[in-house]
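Working notes for the structure below.
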Amino acid sequence: MKHIAPADNTPILVGGGQLTNRKPPQEAPTPLAMMADAAKLAAANAGISEALLHQLDTVATTRLASDSTEAKIPVGEYRNLPKSLGLAVGATPIQFLMAGVGGNTPQQLVNDVAERIAAGKTEFALLAGSENLQALIGGLKMGHLPQWGDEVDGTPELVGSVAPGCTPHEQLYGFFYPINTYPLFENALREHRGVALDTHMQKLGTMFSRMSAVAAANPLSWFPLFRSPEEIITVTDKNRYISFPYTKYLNSVIQVDMSAAVIMTSVKKARELGIAEDRWVYLNGCADAQDHWNMSERENFHSSAPIRLAGKAAFGMAGLTPADLDFLDIYSCFPSAVQMACQELGIAEDDARGLTVTGGMPYFGGPGNNYSLNSLATMLDKVRSKPGSHGLVTANGWHITKYSIGIYSTHNLHKEWKPAPSVQAELDARPKTPYVEVPEAGPATIETWTVTHNSRGPQEGIVFVRLADGSRCLANTPAGDTELLERMKKTDCIGKIGSISVVNGRNIFVPADI
């Protein structure tokens, strides 16, 4: 694609920095300290001195996992993290932005700040985030309470949503934890495609093994080692099931200490700062989209209209197709998220370009809400390494609930930068599946399922079922029936019939033919 001379208010990304902390909890830096260090690395990546960060007019941060739930975690609170970060790098910004909750939020922040730059509301912005659950959890286990928090005043502007990812009713059945919901998508995807379980697992192992090969070559990876397909899918003491059919090596690793930052400016400001044009990366396409919030009300569990429509909008804005891309980073918290994105965006799951630039979230690491900022910091260097190339970053929040997309290049493709038209009204207008929290006793048919595990073995079955009138219901299998749970791991349960009833306040599904 031909490079177009950019207007002064064109938003660009000029620097990215990231770091991985491996110090023991009692020596680990705070999240704020890691963000400040990542910001300084981003400045160096942009080719400017740290001193120039004092000119920042906007600081935006993603949200720590410890600030993303209603659970009270015994560490200090960051009252205004973006303001504290600005002060830490010597700046006194006038805009402080805090992302909502979800893995989509780093890309959503980029999209938001790009609009502010194009509208003349921002010129020089720092976006940063960190996840320090290894220091937090490891420290608490050792009796060491990390010293986090700030005492600054003011309240940052919220970008995005902090709404819980599930209803109280869904939470009763384990939906607060993505480790329980993504396997439900996985089993629905496999059945919809008509693939046998063994064949499907081999495919997952191969796909994620390729990611681990990228992680093995990335010194920032939490697990910089190659895992074969067989190692990834074979159940062992070290690689037990988490929720069927996912073994541990198919799950994102959130207990890490990792941070990342990117710097965004207008073209005019980049010239004033003396940033060389070979550092400039353009956001040529972007979009944000949200599904029906409650997973229980989705049309099905094997497709995603938000990914499809967000992709259409972002590629339309850029004037590109997936075939034009050189580098890809598909959000990889769990295999179903990768497959769903590839399916809806028109990208092969065995694409020769590879599906990650970092190594994927089970191997590079999945630092909470912030992973996609690491992905983007990596992508900046990737597209710069091949002038004129294009890179795709996708970002996913909650249970494939929220999706954000960015398409990046060293070539500007717009005479005037403006975001793609929103697709949200079209998404909101789609019908919802009727959902019943408390069903009448009667027949039901499994729509999708999983079996949760702990270190001792299978714990319970979680099933979505369809009732006789076509409405959907969520249920567990009978408590303590481990023989049934073992059979459910060897059976294609979708379409199996049984009966549902309410027992002690919980919906219980008893299959007739498993």
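The numbers here are math on the coordinates, done by the rules we state, and not lab data. Note that the structure is a prediction, hence the values are computed from the model and not measured. Using ideal geometry, Cβ is built from the backbone for each residue, glycine included, and neighbour counts are taken over all protein chains shown.
Please report the net charge: other residues with Cβ closer than 15 Å to the Cβ of ASP198, K and R +1, D and E -1.
So the environment of ASP198 carries a net charge of +1.
Assuming a ≥ b ≥ c are the square roots of the Cα gyration tensor eigenvalues, decide whether segment 51-135 counts as rounded (a/c under 1.5), prolate (otherwise, with a/b larger than b/c) or oblate.
On the way: a/c = 2.51, a/b = 1.51, b/c = 1.66.
The shape class here is oblate.
Name the residues of segment 419-462 whose amide N is less than 20 Å from a point 7 angstrom out from the Cα of ASP513 along the C-beta direction?
442-450
Straight-line reach from LYS40: which lysines have a Cα under 25 Å away, not including same-chain ones fewer than 8 places off?
Hits, sequence-local ones excluded: LYS23, LYS83, LYS121, LYS268, LYS269, LYS382, LYS386.
Which peptide among 10-18, 223-231 comes first, and what is the full order, when sorted by highest mean count of other Cβ atoms within 10 Å?
Working: 10-18: 25.7, 223-231: 15.7.
Going by the mean number of other Cβ atoms within 10 Å, highest first, we get 10-18, 223-231.
If you fit an axis through the alpha-carbon atoms of helix 371-384 and take the longest principal axis of the Cα set of the chain, what angle between them do you get, 0 to 90°, nearest 10?
The helix 371-384 is inclined about 50 degrees to the chain.
Principal axis lengths of segment 442-511 from Cα atoms, whole Å, largest first?
38, 28, 14
Could you give the distance between the Cα centres of segment 431-477 and segment 1-58, to the whole Å?
46 Å
Give me the angle, in degrees from 0 to 90, between the Cα long axis of helix 197-216 and the longest principal axis of the Cα atoms of the chain, rounded to the nearest 10.
The helix 197-216 is inclined about 20 degrees to the chain.
What ranking do 85-91, 354-360 get when scored by the average of other Cβ atoms within 10 Å per residue, highest first? Display every interim value, and only then the final one.
Details: 85-91: 21.6, 354-360: 25.4.
Per-residue Cβ counts within 10 Å, averaged per peptide and sorted highest first, yield 354-360, 85-91.
Under 1.5 on a/c is rounded, so check that first for segment 372-499, then, if it is not, pick prolate when a/b is larger than b/c and oblate when it is not; a ≥ b ≥ c are the square roots of the alpha carbon gyration tensor eigenvalues.
Values: a/c = 4.21, a/b = 1.99, b/c = 2.11.
Since a/c reaches 1.5 but b/c is at least a/b, the shape of segment 372-499 is classed as oblate.
Using a cut-off of 23 Å between alpha-carbon atoms, which lysines can reach LYS489, once sequence neighbours fewer than 8 places away in the same chain are excluded?
Once the sequence-local lysines are set aside, what remains near LYS489 is LYS203, LYS238, LYS248.
By per-residue mean of other Cβ atoms within 10 Å, what is the highest-first order of 246-258, 103-115? Present the calculation step by step, with values, prior to reporting the outcome.
Working: 246-258: 22.8, 103-115: 26.6.
Per-residue mean Cβ counts within 10 Å order the peptides as 103-115, 246-258.
More than 24 angstrom separation, counting every C-alpha pair in segment 1-120; what % is that? Walk me through the intermediate numbers first.
On the way: 2336 of 7140 pairs.
More than 24 Å apart: 33 percent of the Cα pairs in segment 1-120.
ASP481 versus GLU230, label points 7 Å from Cα toward the beta carbon: distance in nm?
3.6 nm
Let me know the shape class of segment 298-379, please: from the alpha-carbon gyration tensor, a ≥ b ≥ c as square roots of the eigenvalues, rounded when a/c is under 1.5, otherwise prolate if a/b is greater than b/c, or oblate.
Working: a/c = 1.57, a/b = 1.17, b/c = 1.34.
It comes out oblate by the Cα gyration axes.
Sort THR321, THR433, THR61 so that the residue with the fewest other Cβ atoms within 10 Å of its own Cβ comes first and the one with the most comes last. Walk me through the numbers on the way to the answer.
On the way: THR321 10, THR433 17, THR61 33.
Fewest-to-most Cβ neighbours within 10 Å comes out as THR321, THR433, THR61.
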